[in-house]
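A.B. asks: Below is the structure I would like to discuss, written out as C-alpha cells.
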Amino acid sequence: MDQIRESLLKTSVATKKERFGKTITMAALILIGLVVISIFYFVASKGLATFFTDKINFWDFMTGKTWNPSTNGSNGKPQVGALPMITGSFMITVLSAIVATPFAIGTAIFMTEISPKYGAKILQPVIELLVGIPSVVYGFIGLTVVVPFIRSIFGGSGFGVLSGTVVLFVMILPTVTSMTVDTLRSVPQYYRESALAIGATQWQAIYKVILRAATPGILTAIVFGMARAFGEALAVQMVVGNAAIMPQNLTSPASTLTSILTMGIGNTVMGSMQNDVLWTLALILLVMSLIFNIIIRLIGKKGELK
Amino acid sequence: MQAKTVNKIATGVLYIIAGLVILILAALLGYILVNGVPHLSWHFLTAPSRAFQAGGGIGIQLFNSFYLLILTMLISFPIALGAGIYLNEYAKKNWFTTMIRTAIEILSSLPSVVVGLFGFLLIVVKLNFGFSILSGAIALTLFNLPLLTRSVEGSLNSISNLQREAGSALGLSKWETVLHVILPAALPSIVTGVVLSAGRVFGEAAALIYTAGQSAPALDFGDWNPFNMASPLNPLRPAETLAVHIWKINSEGIMPDAAAVSAGASAVLVIAVLLFNILARWLGKVIFKRLTAAR
C-alpha cells in the first residue's frame, strides 16, 4: 500500500523534466529581458552624465548650434550644441521617407494588384535579396556613384544631406516595399471582388477600397523605414560629409547623430566630458527608436478598431 | 467613360513607378556585380590585405567574417531557441509575457550602432575582453537575438495543435512533446530562419567597429591551437570583418586601390547574401523531405 502511495505522491521523472525544460527556456527569455534593461541602464547612465556630472544645460545641448566639445566657447562653457546633428538626422530621415513612400506603395500595388504573377516571380526575390544587402555596400555605392554624380550637377563636394537621402532612399525602399506588399496581400480578397462587382474600375477598387483598408499597415511600413533610416550609421556616415555644422542647403556637408557617434567614440577618453556628450547622442538615438516603436504601436491599435 | 480614362492613366503611372524601381534595383545589383566580380580571384580572396600598397586581398577579413558568424550563431541560437519555445509553448497571456514581448520588439528596433556601443562599454571596457572576436560575437548576438527568437516562435506556432494534443494523449509531458514532437516538425523552418539571419549577421558592420575592432593582425593558418595569439581560432584576437573593412578603407582613404578592393569585397558580400538566401530555402526543403514521407 505504502509503495503505491509513495509513487503516487512522489514527483515523477516526467514532471522533473518538465520543470527543467520550463526553467531553462524561461531563463533564456529573462536573459533577453535583462539585456534590454541593461542597454537602457548603461546608455542612459552614460548619456545623462553630460547633464549631471559635467553640468551642461540640457536646453543648451539640444538647441546649441556649435559642436566643438574640445574647446570652450565665449561663455567659458564647452561648445556642445547637438542641434546640427539632430537636424541632419531628421532631415535625411524625413526626406528619404518622403521620396521612398510613393515608389514603395506604387511598386507594392503593382506587385499585388496589377501583375501578381510577375511580381511574385521576379520582383519578390529581388526585393528580398536587397533587404539583406549590408549597409556598407549601400554606403560604398553612394560614395562611388551618388556623391560624384551630385558633385557634377550641383557643384561643391557632393557630400551632404542630398547624397545621404539618395542612399537611404535606395536602402529603405526594399524594406518599405516588402512590408507594404505583406499588408496589401492581407486585405481580404472579397474586398476586391465586391468593389469590382458594383462596377468600380481596378484603380477605383485600389484607391477607394484596398488602400483605405491597408492604411494602418502602410503607415507602419513607412515608420519602420524611418526608424531604420534614423538609426543607420555607416552608409550615411560615408556620404554625408561629417561636418558638425547646421546644414546650409541640401548639398553642403552635414552630419547626423550616428555619423558623429561612429567618428568620435574611438577618439575620446572614456569618462571625459568629450566622451559623455557622444553617449548623450547615443541616448537620443535610443529614445528616438523608442518613440518610433510607440508610434508603430499606436498605429496598430488604431487600425485594430476599424 | 471618365473613370475608365482615370483607370488607364493610374495603371500607366503604376507601371512607370514599378519600372523605375526595377531599373534602380537592377542598376544597383548590376553595378555591384559588374564592378566587383572582375576583381575576384583566388589571390584576392585569400591574400592578406595591405594598408599602404595596391594589390592586397581580403583573405583574413573573409575568414574573420565566417568565424564571427559561427561563434555568434553558437551563442545566440540556444538562447533564441529557449526563448522561442517558452514564448510559444509555455507563456500565458499576462503582464510578464507582454513586457518581454515589448522588450524583444524594442531590442529588434534599436539602431545597430547603439547595440555596438553598449557592447563596447560593457564587454570591451567593463569586462575587459578588449577588441576581440568574442566581444564582437556577443554584440552580434544582442543584435541577432530578437529576430531569431521571433523566427523560432513563428516556426513553432505554425505547427498544428493536433500534434500537441497527440503528445498529451500519449501521456507525454509538455516538455517531452516539445522536444520529441514539435521541434522535429518545426526544424525545416527553424533552419531556414537561422540561415536567413546568418546573412544579416554576415554583413553587419556598425555593431562591430567598436567591439571586434578595426584591425586584422596577420594569422598563421598552420596553427590551429585556439590559445595562440596568431592562431585563426583564437577568440580573443581583434578581428576586422569584411563589412568593417569596406567601411574602414573608404573612410581612411590611404589604400591606393581602396575603390577596387571595396568593389570586390562588396561583390563578395552580395554574393554571400544571395547564397545564404538560396541555402536557406534549399536546406529547409531538404530537411523537410528527410523528416517526412514527402519524397
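The values are calculated or read from the model by the stated rules, or taken from the named source; none is laboratory data. None of the values given here were measured: they were computed from a predicted structure. So basically every Cβ, Gly included, is an ideal-geometry build from the backbone, and we count neighbours across all protein chains shown. Note: areas computed on protein heavy atoms with side chains; ligands, DNA, RNA excluded. Shrake-Rupley method; radii C 1.70, N 1.55, O 1.52, S 1.80 Å.
A.B. asks: Could we say that residue A:83 is closer than 30 Å to residue A:167 by Cα, in contact with a Lys or Arg (Cβ under 9 Å, 6 or more places away or on another chain), open to solvent by less than 80 Å² (accessible area, probe 1.4 Å) and not hydroxyl-bearing (Ser, Thr, Tyr) here?
C.D. replies: Here the answer is yes, as residue A:83 does meet what is asked.
A.B. asks: Determine whether the range B:229-243 contains at least one residue that is out of contact with any His (no Cβ under 6 Å at 6 or more places or on another chain), within 27 Å of residue B:38 (Cα to Cα), assigned to a helix (DSSP H, G or I) and of a type in the set (D, E, K, R).
C.D. replies: No - not one qualifying residue is present in the range B:229-243.
A.B. asks: What are the residues in the range B:223-257 that are among the small types (Gly, Ala, Ser) and either buried (at least 22 other Cβ atoms within 10 Å of the Cβ) or facing chain A (nearest Cβ under 9 Å) (or both), if any?
C.D. replies: B:239, B:243, B:251
A.B. asks: Can you pull out every residue in the range A:109-122 that is among the aliphatic types (A, V, I, L, M), surrounded by 18 or more Cβ atoms within 10 Å (Cβ to Cβ) and more than 7 Å from chain B (Cβ to nearest Cβ)?
C.D. replies: A:111 - this is the single residue of the range A:109-122 that is among the aliphatic types (A, V, I, L, M), surrounded by 18 or more Cβ atoms within 10 Å (Cβ to Cβ) and more than 7 Å from chain B (Cβ to nearest Cβ).
A.B. asks: Shifting gears a bit: Looking only at the range A:138-174, how many residues end up being more than 10 Å from chain B (Cβ to nearest Cβ), over 19 Å from residue B:251 (Cβ atoms) and either assigned to a helix (DSSP H, G or I) or among the β-branched types (Val, Ile, Thr) (or both)?
C.D. replies: The qualifying residues number 7.
A.B. asks: Residue under question is residue A:263, and the condition is that it be of a type outside the set (Ser, Thr, Tyr), in contact with a Ser or Thr (Cβ under 6 Å, 6 or more places away or on another chain), in a helix (DSSP H, G or I) and under 26 Å from residue A:158 (Cβ atoms); does it hold?
C.D. replies: no
A.B. asks: I would also like to ask the following. With the requirement that a residue be within 7 Å of another protein chain (Cβ to nearest Cβ) and charged (D, E, K, R), what does the range B:97-146 give you?
C.D. replies: Residue satisfying the conditions is B:105 alone.
A.B. asks: Related question: Would you mention how many residues in the range B:134-170 are without any contact (Cβ under 8 Å) to a residue 24 or more places away in the chain and open to solvent by 60 Å² or more (accessible area, probe 1.4 Å)?
C.D. replies: Residues that pass the stated criteria total 7.
A.B. asks: Let me ask you something else. In the list A:213, A:221, A:195, which residue meets the criterion of being surrounded by 20 or more Cβ atoms within 10 Å (Cβ to Cβ), part of a helix (DSSP H, G or I) and among the aliphatic types (A, V, I, L, M)?
C.D. replies: Exactly one of A:213, A:221, A:195 is surrounded by 20 or more Cβ atoms within 10 Å (Cβ to Cβ), part of a helix (DSSP H, G or I) and among the aliphatic types (A, V, I, L, M), namely A:221.
A.B. asks: Evaluate the following for residue A:137: is it in contact with a Gly (Cβ under 6 Å, 6 or more places away or on another chain), surrounded by 23 or more Cβ atoms within 10 Å (Cβ to Cβ) and at pLDDT 90 or above?
C.D. replies: no
A.B. asks: Something else: Count, please, the residues in the range B:258-276 that happen to be buried (at least 19 other Cβ atoms within 10 Å of the Cβ) and within 23 Å of the chain's Cα centre (by Cα).
C.D. replies: So the count comes out to 13.
A.B. asks: Do you know which residues across the range A:259-293 are open to solvent by 20 Å² or more (accessible area, probe 1.4 Å), over 18 Å from residue B:119 (Cα atoms) and at the interface with another protein chain (Cβ under 10 Å from one of its Cβ atoms)?
C.D. replies: A:288, A:290, listed by residue number.
A.B. asks: Just one of A:33, A:106, A:21 is within 30 Å of residue A:159 (Cα to Cα) and open to solvent by less than 40 Å² (accessible area, probe 1.4 Å); which is it?
C.D. replies: Exactly one residue qualifies, and that residue is A:106.
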